[in-house]
Amino acid sequence: MGTKSKLIFCMICGLAWAHLRAQVKPPMSYVIVTFEDRFSKGPNGSQIFFRIIPIDSELVESEASSYVKFCAFLTRDYSMEDLDSCIHGKPIDPFLIRKLGLHYSFPEAYGKSIDSLVELISKRRTKIFMSTNHWLLKRRNKERLIVYITPIKGTFCSSPLAETGAQRTGYKGDIYLPLANFSYDDSFWHSTSLKLIKHQSFEKIDFRLILTPF
């Protein structure tokens, strides 16, 4: 791509991002859940899966039934068009091979904001669950699942996974993408939501349906 083409591309991305930012809602509370799945032997090694829990009125209302919605969460490998569709609540399928004609480069400010979010999630996470399974039929392979949570305040968008993606992965929930204004939420540790989330059966959650790029 020549210098002129790069300049035009950056201007297009900048204008598109300005348009998206104009539609960004105020920050809300969320919990990022990190599933760290480790195997002592075999090709799987250690895998990381991420989910997000919106701390909203639905979660508060669900406390009587002890139900918590764990949704897919991405910080990369989606396009500007995916982000625009997400903001408008339209179905997306970012797990396909990169599609021609779509823009996968974002303005520098957005990239730095996502980098800071990833660092925040990693550095401020707290372990809340651990289990170990011994698989005798797999050459005595040992699997250890460790679950961490990181309470976050920020602006995210959500949209359904497109039918093509749902059929391919088996995941039928929403996908959340990060937008802006991320910070650590200390108030979560004094909320009723903490008790509800801590008592989830994490080993029964289908977190492996989507290997979340992070």
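Read-outs throughout are calculated quantities, based only on the coordinates presented, and are distinct from any laboratory measurement. Being a predicted model, the structure only gives us computed values, none of them experimental. When we count neighbours, we look across all protein chains shown, and the Cβ atoms used for this are built from the backbone with ideal geometry, even at glycine.
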Calculate one ³J(HN,Hα) per residue across region 156-162 by plugging θ = phi - 60° into the Karplus curve 6.51 cos²θ - 1.76 cosθ + 1.60, and present them in order as whole Hz with x for glycine and proline. 10, 10, 9, 8, x, 6, 4
What does the net charge come to around D115 if you take all other residues with beta carbon closer than 14 Å to its beta carbon, with K and R at +1 and D and E at -1? +1
Given a Förster distance of 22 Å, report the FRET efficiency between T169 and R144 from their Cβ-Cβ distance, rounded to the nearest 0.05. 0.35
Cα gyration tensor shape of region 109-193, rounded if a/c is under 1.5, else prolate or oblate by comparing a/b with b/c: oblate
Past 27 Å, Cα to Cα: identify those pairs from K90/K153; K123/K198; K69/K153; K112/K172, in the order given. K112/K172
Could you go through region 73-84 in sequence order and give the Karplus-derived ³J(HN,Hα) for each residue, using 6.51 cos²θ - 1.76 cosθ + 1.60 with θ = phi - 60°, rounded to whole Hz, and x for Gly and Pro? 9, 10, 10, 7, 6, 10, 9, 4, 5, 4, 5, 5
